[in-house]
1. For the peptides 139-145, 383-389, what is the packing order when you average, over each peptide's residues, the other Cβ atoms within 10 Å and list the highest mean first?
2. Return the calculated 222 nm mean residue ellipticity for the chain, to the nearest 500 deg cm²/dmol, obtained by summing -39500 (n - 2.57) across DSSP H runs with n ≥ 4 and dividing by the residue count.
3. So which lysines can Lys106 reach, going by Cα to Cα under 23 Å and dropping same-chain residues fewer than 8 places off?
4. Pick from Ile148, Ile299, Ile220: which residue has the top mean-square fluctuation in a GNM of the chain where Cα pairs under 10 Å get a spring?
5. Give the Debye-formula value of log10 I(q)/I(0) at each listed q (0.20, 0.24 Å⁻¹), with one equal scatterer per alpha carbon of the range 302-392, two decimals each.
6. Determine the sum of side-chain charges near Lys92: Lys and Arg each +1, Asp and Glu each -1, restricted to other residues whose C-beta is under 14 angstrom from that of Lys92.
7. For the chain, give the magnitude of the charge dipole about the Cα centre (Cβ charges: +1 Lys/Arg, -1 Asp/Glu; no others), in debye to the nearest 20.
8. Out of Gly54, Gly319, Ser167, whose Cα points farthest toward the positive end of the dipole of the chain (charges: +1 Lys, Arg; -1 Asp, Glu; placed on Cβ)?
Amino acid sequence: MKESEIKAMNRSFGILNERRIKIMDTPQTQELREKVIKIREHSISNLGELLQKGIKTLETNGMEVILAENSEEALQAVYDIVKDEKMVAKSKSNTAGEIGLSEFLKTHDVEVLETDLGDRIVQFDPESRPSHPIGPASHLRMVDIARIVSRELEMEVEPEPRSILNSVKADVLEKLGKCRVGITGANSVAAEDGAVVTVHNEGNISLVSMLDTHIILAGIDKLVETVEEAVSVVKLETIYATGKRVPAYMNVVSSPSKTADIEQIHLRGMYGPNRVVVILIDNGRSEALEDGGECLLCIGCGSCVATCPVYSVMGNEFGYRRHLGGKGVFLSQFIEDESVCYDSGLFYCTLCGLCTVECPLGIETNHLMENTRKKLVKKGISNVKHCEIKDNIKKTGSPF
Ligand code: SF4
């Protein structure tokens with residue numbers, strides 16, 4: 001990331017952190033936090049059972065379910081559905097980023113219309129990558145955003161937030177009218193009820209999930225037991241991600257759109273989708289579970305990213321694809337392999353532990369990173385400079 005981007009990102013994170021701090025320590029938030037820790041620990045300890053239950057209830061509710069072992073299977077599953085489309089609409093999804101969905105569809109001549117404002121701006125800028133799980137354009141200054149949007153839309157857009165919003169919105173709405181397939185992520189999936197919960201502030205998920213076909217991408221770690229539990233999870237995520245008690249919208253999808261208003265005869269595809277396909281993606285999560293599964297407790301709030309000292313100087317170069325920061329680095333060894341984990345910044349971490357303090361789930365990312373380093377060093381994957389320092393100390397007692 002450029003220096004100006006790092007500065008803009010840190011300024012955005014500063015505003016976000018001030019807003020978050022006001023409600024993070026309230027008794028209500030702490031009570032919710034305790035509750036969600038129990039929910040997530042139960043979910044991860046019973047993931048296999050929840051997965052089987054979830055598949056069954058989602059299907060019983062009329063949704064199609066595909067279990068994808070890895071990125072390739074997930075991408076193929078999406079492609080099989082969208083291969084005849086020129087353009088598909090998409091909302092923000094870290095799982096889509098993880099499997100490289102937009103890049104894959106682009107190479108297969110299917111254009112992806114990002115509908116989240118931040119994601120659309122980043123999509124317009126070939127040199128940019130998202131810098132925060134919830135605020136992907138946090139690293140861009142308003143003047144740069146206006147320049148990028150003006151160039152892309154071939155019109156003069158003022159460096160003023162309302163002008164930028166109006167221009168991007170008009171363009172997205174015009175294109176959305178031509179899309180028949182919408183792709184969203186999932187913030188939580190309720191296995192017992194067979195329902196998917198998503199949260200958003202812009203209203204775009206509501207639009208995207210009303211197209212003829214709705215594809216939902218979810219890591220298997222998103223499973224919890226009930227809709228009530230899912231709502232608690234997304235509420236805590238919202239508090240830690242945005243500093244707001246509730247998001248503008250919480251959507252619960254438990255079937256395709258349907259009606260029984262004519263003699264109780266069930267018909268699909270009233271105003272919403274005729275078809276809902278849930279793609280549950282493993283992609284290394286089972287392996288992470290065998291390793292202890294602590295990283296799978298994550299609810300994706302980005303709190304660790306917005307406070308990490310390494311991230312504050314390196315930005316999104318510290319992380320793996322859309323899984324930003326230390327947690328993403330750790331997870332990458334299971335999604336890909338240990339050399340990718342090394343390249344994602346395993347040895348950049350200062351092990352300060354601020355991520356653990358800031359994490360609502362108390363995930364000890366610094367310890368996970370340290371243990372992974374030990375494992376990799378034993379396998380001969382280590383930092384050359386570190387080895388030089390170690391050898392110097394052994395030989396002369398000095399690191400230099
Ligand atoms: S590791 Fe914790 S702080 Fe970081 S995104 Fe996940 S839940 Fe939030």
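Each value in this text was obtained by applying a stated rule to the coordinates, not by laboratory testing. Treat the numbers as computed from the prediction; the structure is a model and nothing was measured. Quick reminder, even Gly has a Cβ in these numbers, built from the backbone with ideal geometry, and neighbours come from all protein chains shown.
1. Numbers: 139-145: 19.1, 383-389: 11.6.
Answer by packing, highest mean first, reads 139-145, 383-389.
2. Details: 19 runs with 203 residues, N = 400.
Roughly -15000 deg cm²/dmol at 222 nm, from the helical runs in the chain.
3. Lys83, Lys86, Lys90, Lys92, Lys169, Lys175, Lys178
4. Result for the chain, Cα springs under 10 Å: Ile148 fluctuates most.
5. Debye intensities relative to I(0), on a log10 scale: -0.90, -1.22.
6. On the way: positive: Lys90, Arg120, Arg129, Arg321, Arg322; negative: Glu98, Glu114, Asp116, Asp119, Glu202, Glu237.
That sum, taken over residues with Cβ under 14 Å, equals -1.
7. Numbers: 47 positive and 59 negative charges, 217 e Å.
Rounded to the nearest 20 debye, it is 1040 debye.
8. Highest projection toward the positive end goes to Gly319.
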